[in-house]
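**Student:** Provided herewith is a single structure, encoded as structure tokens, for subsequent inquiry.
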Amino acid sequence: MEKSKNLFTAIYDGIFGGTSKNMRIALYVLFGLTALFLIFAIQILFWGLGYTDMDNNFTWGAWIIGDLGLVGLGGGAFTTGYILYIFRVDKLRPIINSTVLIGFMCYLFTFVFLLFDLGQPLRCWFGFAYPNWGKGVYPHSMLTEVFFCLSFYFCVLIVELIPVILEHKVLIKNKIIAAIAHYMHLLMWTMAAGGTFLSFFHQGSLGGGMWGVLYAKTVWFAPHFFYMAVVAAMAGGTSFMTLMPYIAGKILKKELVPMETFQILTRVSGFIFIFYFIFRIYDLYMVANVYAPMGGRNYFDMWGGYYGFWMIVLELILFMGPLVFLNIKSFRDQEKFMVTGAACGVGAIVISKLSVLLHGFSAPNFPWKGFTAYTPTIQEWSITLGCFAVMILIYMAFVKWFPLFPHLEHHDEHEAHH
Amino acid sequence: MIVKDVKMKRRWGMAIDLDKCTGCGKCSLACNQENNMPIFEDDSDVPKRVAFLELMKLTNDRDAKFPNVKTAYLPKMCQQCEGNKQGKHPAEPPCVTVCPAVATDRGDDGVVSQIWSRCIGCRYCQTACPYEARAFNWWKPEYEGSFKNSLSTDVSVASRGTIVKCTFCSHIWKRERDKAVAAGKLDINDVLYTPACVNTCPTGAMVFGDLNDPDSEVSKLANSDRAVRLTNVIDDIKDPAKKKALMDKKQFPNPKVYYLTSQKWLRDMMRFNPRNDAAKKNS
Amino acid sequence: MKKIERKDFLKLGAGAVAGGLSGWVFSGSPFMAFQWLAEWTQDQYVPVKGLEKYVEAVSDSCPNGCKVSVRMIGERAVKIESKEGVCPACQNALQMLYHPERIGMPLKLDGAKGSGKYVPVKWDVALKDISSRMNKLISEGKGNAIAAINKNESLNGQLMEKFIKAAGSNNVYYEASLKSITSATLGGFINYDFANTDYVLSFGAKLVEGWNSSVDMQKVFTNWKAKGTKIVQADTVCTMTASHANEWVPVKPGTEAVLAFGIANYLITSKKMTSSGDEFAKWSQLIINKFPLAKVATFTGVKEDVIKKIADEFSKAKNPVAVAGKGGAGVSASSAEIIAVYCLNTLVKSKAATLMKNSAVTYTGDVAGVDALIKDGKFSMLFLNNANPVYKSALGEDLKKKMEKAFVVSINPIMNDSAAYADYILPSLSYLEAVTPSNKEVVKKFKESKDAKDIIIALAKAVDKTKNTFSFSDGIDSYKIAGKDSATGGKFSFNVDKVKNVIDAIEKKLAQNAEYPLAMVPVEVPLVGDGDGLAFPYVLKSIDPKVMLYNDMYVQINRDTAKKYSISEGESLVIKSARGKLGKVYATLTDTVAPDTVAIPLGFGHKNFTKYGSGKGVNPKTIMAADVDPLTGTADWWSTRVKIS
């Protein structure tokens, strides 16, 4: 009895020790969300998807939005890795650990969301055992591509994350571990190259190909969607990877990553956003003038209900953030504009994923039917927000206990307080 | 006994005459009974409803005002799409290529099968289907008490978390095939059958048969002027060269269910844009 | 030899574990385990296998006698098919046969009426109680206080009529139907020769949607389409019949009778046609005075030249027929309407409408019909033979009050709204468990339930006065005394004295009413009909989301009318008539409904109809027009003045 009480006190102090009031409240909220997630996770897994607001017309919802967002924004990991290890832009090294961790978590929770979204999660391995592979190298089903590519890339991310874990101040003391970590760092470029190769495929398939190949669904059909999603991931992901440690640094009131690193990454992001913006305009033109009429529909008639054309307008407005603030040096050098630009960039990508899913499913399939809507149930909210809460908690744990930010270690010798 | 390796020559299709359909609902009843549809105390959660055949009600409210209105019932089931050859790309139904576990496939007789025991419930096929023909078992399918007594053994009871859909009653084909074989008729093409819905239609609005047989009633109806297919806009392009050019750019569902009507308002309601000038310009 | 140390053991153990684990993984067994786990956790029911066979049967649910072929797996009936045609109710008989709420034993009331509290009792106990009460009433000279309401004219209905009449009562009635109200009005029901007609003028009869015999009408419709028979449908809502008709005549709600008056007026005055019915001169004078074409046009909303054109086409057709009886499975018409429409047939000397009657069926008793019985009848004992007047009659609530004071016996297979007010419920069979001259029972009967015919015969034998009414003791022998249809000879009366009041009432109802500015008319939903279908899951599964969605019931309103009253799609409404108000319903907007009209689905709002049928939607009959027609003894509930908020 005494022992368990001591254990509980030790855990509690370990997590909450020395935290400010605001931090404590934040932690209570995050743990609360995690608890809700666990409760409703059991309900969904044991009693089925009837407890969601998805239905035969609105087939996917919060969790696929989550997947699209997580994978899309997690694309910052491969882009940053590529620039650091292949282009040898060493000024990005201070941010790479955080990026890899966030990337790892994004893909991990993509799998978690998918586990809930499958009607038969116990059969998830069918995607590997009975893949829908047509003739030749190219898979028949985009989801087969996603299954394999995401899994391989997840392995890459694990390998990329291992050194961060091994560099824990206790573990690194062991000579063998130190050696492993050292050699892994040397060979990390292979992971970066492989990861980029894999990412081009799954970013394309999950973000765009999946939707673009549905020839019978005019609301999504667009052969170029695959390629556009890759560019989107690179653009939005880099901004996202900038924002996360920036926010963490603001909360901790420490310089976790030098401003120069942020500026390089956001400069890359802004540059890719130009390409994405052009691609998006091309996409809108093609869909409105070519693909929608091919499917016998008027592009603008397909927008309606709650998820109307305002989503495109909002996305285009948000584009201005990165296009202006991240590309013009005088803006990018000012912290508040840089952050605004990055945030708008992330927002634009998020809105585009939302419109793919919400607008896509709400558009009527029959001429005599109207637009439908989707209101996630408490189960869906809890699992989605719960997963986000767990991601934040893991990130915070890593910030506290692992050398996530070499720049910080460099500058600060004593313990970081919360 | 050696059975000659005979190729399946039949391609099953259906023709539904909307000018004869009175909306009596017997097709829906027969399908539910034949295919062991799950029983719910409250089946009014229509978006989550598990049924192979949906009796849709149409009006021309979109195009007309009182009293120039009309109404019709349209029995809708899986349209057993074919897709079309797109350049070198083979024809594929929109829902078959997307399944990550190959739980659905287009058979030699044109019927798109659905194997619930392979299905992982990802619902990608449901997302791809333009006709909302696939139902997902959001809840565990149940049959209260004595209702279990009327379940057929020819159709498996699917589990929750899997997709189910109309298969043109291919289990009845199998039943007839077994009977034919037992009677010594071994040719696979000797087997003809009727799905439950067609069997019970009192006005003869529903016709079923072999689309590959030019003398069959369904073939004649499918090729008649009165035939129109749900949202399959490629049909509206009459010029064969333009049609081929468009089909080389994109596949179209190419369903095997043909609706028949002489009523112009109904033909217009089967299209989002009845005139679709843009599509014609595009081709 | 090297000493084996602990760490060697550890290494060995680790290697063994690693090797075993990888072997197990690569053998595929964890994947098979997952597959087994998936199936075990799903716990799906596996239907019991058996030998397949087909059994033929004839339905005895109603006089149509649908012939079916039942597919059996072992002893279980799994599918009903038919080569000759089967009505939807008979096709869905499996869901009645195997309904988990089937009543297996006689039930005796054990609480307040309507509470649903019953205890099972043995048959002889129930029969003894019921017969002794009957004996008492009869010995006190109160035989006429025993009343009965039959669902229809099937053989058990005919037996019930014989039984109650033999007990000395004149109060046997049949639930309001096309046949019953037509018979009460014209002295016979109409046998239509639809196969040989070339012009059909229908006054609101939903010919293809369950009207009359749905099996026959589907064949008739197919025939009409093939032959090109012209169908003209007068209707307020663009129903399937109206849409399939060659011409839809949109009439203002409840004005079908007025249209008939107008056409009759025109044919009599302009074409000098006459009818053979009694009091024709008096009637035509009344109609000509009261309904000049201009007034008819105003009331119906149909232009004068259209009325004349229809009348001309109708009279010039080779074998025209006019059809009355608004509705599908649930039919409503006033006597004035029935007479006026039949008059049209007699004016043009139509060969397609013949008055018939059945030798074993008398539709009227001391009063003309069920609603008259509810309003004016005094009964201390009531038999319900599979009837559900508490739900189907517009005066259902009043009937409940009378049933609470009377001794009620209901014969039915599952609980319904009326049986919930019975003192005894005697369980009857689905047709699949019945023996007919053509077939043995398809499935063994459910527990202690009995064929309704056997129940009635047993009751008759238990009551002194009716001991010898039936010379047989087995239901199967009763087929030899089944009634036969024969023509009445066509004599009928216009009954002007009674009909005059009805016509006045119609005029009054159609006059402008500021307090109740809209009219509510019923529509029917496939398979639900007038309510009988709702207890069955496969019927629930077919209901369109614009009728019921998430357990909310929808009514249809014209788009312009909706704009006038600021009602948007999906908005909730409360509908009020002079009789009361309905529970919350929701609006769906469509121009298939005439302006200033609310179209409300029939068949919902049961209070006691198994868990599948209860608590869904509202029953509009509770606020529908309930004036009892003097000739039909039934309320014409078709059009009711309402207001919405």
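Computed from the coordinates by the stated procedures, all read-outs in this text should not be read as laboratory data. Keep in mind that this is a model prediction, so the values were computed, not measured. Quick reminder, even Gly has a Cβ in these numbers, built from the backbone with ideal geometry, and neighbours come from all protein chains shown.
**Student:** According to the square roots a ≥ b ≥ c of the eigenvalues of the Cα gyration tensor, what is the shape class of the stretch A:54-374, taking rounded for a/c under 1.5, prolate for a/b larger than b/c otherwise, and oblate for the remainder?
**Tutor:** oblate
**Student:** What number comes out for the charge environment of B:P94, summing +1 per Lys or Arg and -1 per Asp or Glu over other residues with Cβ under 12 Å away?
**Tutor:** Computed value for this residue: +2.
**Student:** C:E56's amide H: which non-local residues (gap 5+, or another chain) put their own amide H closer than 5 Å, with H modeled 1.01 Å from N in plane and none for Pro or chain starts?
**Tutor:** HN-HN under 5 Å from C:E56: C:V70.
**Student:** Dipole of the protein assembly as shown (Lys/Arg Cβ +1, Asp/Glu Cβ -1, origin at the Cα centre): which of A:L186, C:F470, A:Y28 lies farthest to the positive side?
**Tutor:** C:F470
**Student:** Please report the antiparallel percentage of DSSP beta bridges with both residues in the stretch C:187-358, rounded to the nearest 5.
**Tutor:** Rounded to the nearest five, the antiparallel share is 30 percent.
**Student:** Could you derive backbone 3J(HN,Hα) for the stretch A:7-15 from the dihedral phi with the Karplus parameters 6.51, -1.76 and 1.60 (θ = phi - 60°), listing whole Hz in sequence and x where the residue is Gly or Pro?
**Tutor:** 4, 4, 4, 4, 5, 4, 5, x, 7
**Student:** Sticking with this one: Out of all DSSP beta bridges in the protein assembly as shown, what portion is antiparallel? Express it as a percent rounded to 5.
**Tutor:** 60
**Student:** For C:K11, which lysines qualify as cross-link partners when the Cα separation must be under 23 Å and same-chain residues fewer than eight apart are set aside?
**Tutor:** Those lysines meeting the cut-off are A:K175, C:K2, C:K3.
**Student:** Here is a follow-up. Looking only at Cα atoms, what is the convex hull volume of the protein assembly as shown per residue, in Å³?
**Tutor:** Taking only Cα atoms, the protein assembly as shown has a hull volume of 242 Å³ per residue.
**Student:** If you don't mind, another one. Can you give the net charge of the other residues whose Cβ lies under 13 Å from the Cβ of C:A514, counting K and R as +1 and D and E as -1?
**Tutor:** Its environment carries a net charge of 0.
**Student:** Compute the distribution of all C-alpha to C-alpha distances in chain C, in bins of 20 Å from 0, and list the percent of pairs in each, rounded to whole numbers.
**Tutor:** Spelled out per bin, shortest first, that is 18, 48, 24, 5, 4, 1, 0.
**Student:** Provide the FRET efficiency to the nearest 0.05 for the A:K5-A:I165 pair, computing r from the beta carbons and using R0 = 45 Å.
**Tutor:** FRET efficiency, A:K5 to A:I165: 0.90.
**Student:** Moving on. Enumerate the calculated ³J(HN,Hα) couplings along the stretch B:21-36 in order (Karplus 6.51 cos²θ - 1.76 cosθ + 1.60, θ = phi - 60°), each rounded to whole Hz, writing x wherever the residue is Gly or Pro.
**Tutor:** Ordered by residue, 3J(HN,Hα) equals 6, 9, x, 6, x, 5, 4, 4, 4, 4, 5, 4, 5, 5, 9, 6 Hz.
**Student:** Moving on. Using only C-alpha atoms and all pairs of different ones, pull out the Kirkwood radius for the stretch C:52-97 in Å with one decimal.
**Tutor:** 10.7
**Student:** Report, as an integer, the average count of C-beta atoms from other chains found within 10 Å of each Cβ along B:50-58.
**Tutor:** Per residue, the number of nearby Cβ atoms from other chains is 4 on average.
**Student:** Taking only C-alpha pairs under 8 Å that are 6+ residues apart, what is the relative contact order of the stretch C:513-644 in percent?
**Tutor:** Normalised by residue count, the contact order of the stretch C:513-644 is 35 percent.
**Student:** To the nearest whole number, what is the average tally of beta carbon atoms from other chains within 10 Å of the beta carbons of peptide A:114-120?
**Tutor:** Average per residue, whole number: 6.
**Student:** Under 16 Å between alpha carbons, and skipping anything fewer than 8 positions from A:K400 in its own chain: which lysines qualify?
**Tutor:** Within the straight-line cut-off, A:K400 pairs with A:K169, A:K250, A:K253, A:K254.
**Student:** For helix C:304-316, what angle does its Cα long axis make with the longest principal axis of chain C, in degrees from 0 to 90 and rounded to 10?
**Tutor:** Between helix and principal axis, roughly 90 degrees.
**Student:** Can you give me the Cα centroid spacing of the stretch A:326-390 and the stretch C:288-341 in angstrom?
**Tutor:** Going from one Cα centre to the other spans 61 Å.
**Student:** Could you work out which residue, out of A:K217, A:K329, A:K175, moves most in a Gaussian network model of chain A, that is, has the largest mean-square fluctuation with Cα springs under 10 Å?
**Tutor:** Ranking A:K217, A:K329, A:K175 by mean-square fluctuation puts A:K175 first.
**Student:** What list of ³J(HN,Hα) values in whole Hz, one per residue of the stretch C:429-442 in order, does the Karplus curve 6.51 cos²θ - 1.76 cosθ + 1.60 (θ = phi - 60°) give from phi, with Gly and Pro shown as x?
**Tutor:** 10, 7, 5, 6, 9, 9, 9, 10, x, 8, 7, 7, 5, 6
**Student:** Using a Förster radius of 22 Å, what is the FRET efficiency between A:I39 and B:S117 based on their Cβ-Cβ separation? Nearest 0.05, please.
**Tutor:** 0.15
**Student:** Moving on to the next point. List the residues whose amide H sits under 5 Å from the amide H of C:V323, counting only those 5 or more places along or on another chain, with H placed 1.01 Å from N in the peptide plane.
**Tutor:** C:L201, C:S202, C:F203
**Student:** Nearest 20 debye, what's the magnitude of the dipole of the protein assembly as shown about its Cα centre given +1 on Lys and Arg Cβ and -1 on Asp and Glu Cβ?
**Tutor:** That gives the protein assembly as shown a dipole magnitude of about 420 debye.
**Student:** Related question: List, in the order given, every pair from B:K48/B:K140; B:K20/C:K83; B:K26/B:K65 whose Cα-Cα distance in the structure shown is over 23 Å.
**Tutor:** From B:K48/B:K140; B:K20/C:K83; B:K26/B:K65, over 23 Å: B:K26/B:K65.
**Student:** I'd like the mean, over residues of C:586-592, of how many other protein chain beta carbons sit within 10 Å of each residue's own Cβ.
**Tutor:** Taking all residues of C:586-592 together, the mean is 4.
**Student:** Now for a separate question. Ranked by Cβ crowding within 10 angstrom, fewest neighbours first, how are A:H407, C:H244, A:H182, A:H202 ordered?
**Tutor:** The fewest-first ordering by Cβ neighbours comes to A:H182, A:H407, C:H244, A:H202.
**Student:** Then there is this: For chain B, just say rounded, prolate or oblate: build the C-alpha gyration tensor, square-root its eigenvalues into a ≥ b ≥ c, call rounded for a/c under 1.5, and beyond that prolate if a/b exceeds b/c, oblate if not.
**Tutor:** Rounded, because the longest to shortest axis ratio a/c is under 1.5.
**Student:** Further question: Once amide H atoms are built 1.01 Å from N in the peptide plane, which residues 5 or more positions from C:S614, or in another chain, come under 5 Å H to H?
**Tutor:** The answer is C:F609.
**Student:** Under 10 Å, Cα contacts only: if you run a Gaussian network model on chain A, which one of A:Y153, A:Y138, A:Y276 comes out with the highest mean-square fluctuation?
**Tutor:** Top of the fluctuation ranking is A:Y138.
**Student:** So how do C:307-315, C:258-266, C:563-571, B:214-222 stack up, highest first, on mean other-Cβ count within 10 Å?
**Tutor:** C:258-266, C:307-315, B:214-222, C:563-571
**Student:** To continue, here is another question. Once every DSSP H run of n ≥ 4 in chain C is given -39500 (n - 2.57) and the sum is divided by its residues, what mean residue ellipticity at 222 nm do you get, rounded to the nearest 500 deg cm²/dmol?
**Tutor:** -10000 deg cm²/dmol
**Student:** Here's another thing I want to ask about it. Quick one: work out the % antiparallel among DSSP beta bridges in chain C, nearest 5.
**Tutor:** That works out to approximately 50 percent antiparallel.
**Student:** Same structure again: For C:K467, list the lysines whose Cα falls under 22 Å from its own Cα; do not include residues on the same chain fewer than 8 positions away.
**Tutor:** Within the straight-line limit of under 22 Å, C:K467 reaches these lysines: C:K122, C:K128, C:K136, C:K142, C:K162, C:K165, C:K450, C:K453, C:K480.
**Student:** Tell me, what does the Kirkwood hydrodynamic radius of the stretch C:50-183 come to in angstroms if you use every pair of distinct C-alpha atoms?
**Tutor:** 18.2
**Student:** Could you sort the peptides A:220-226, A:12-18, C:182-188, B:113-119 by per-residue average Cβ neighbour count (10 Å cutoff), highest mean leading?
**Tutor:** The densest-packed peptide leads the list: C:182-188, A:220-226, B:113-119, A:12-18.
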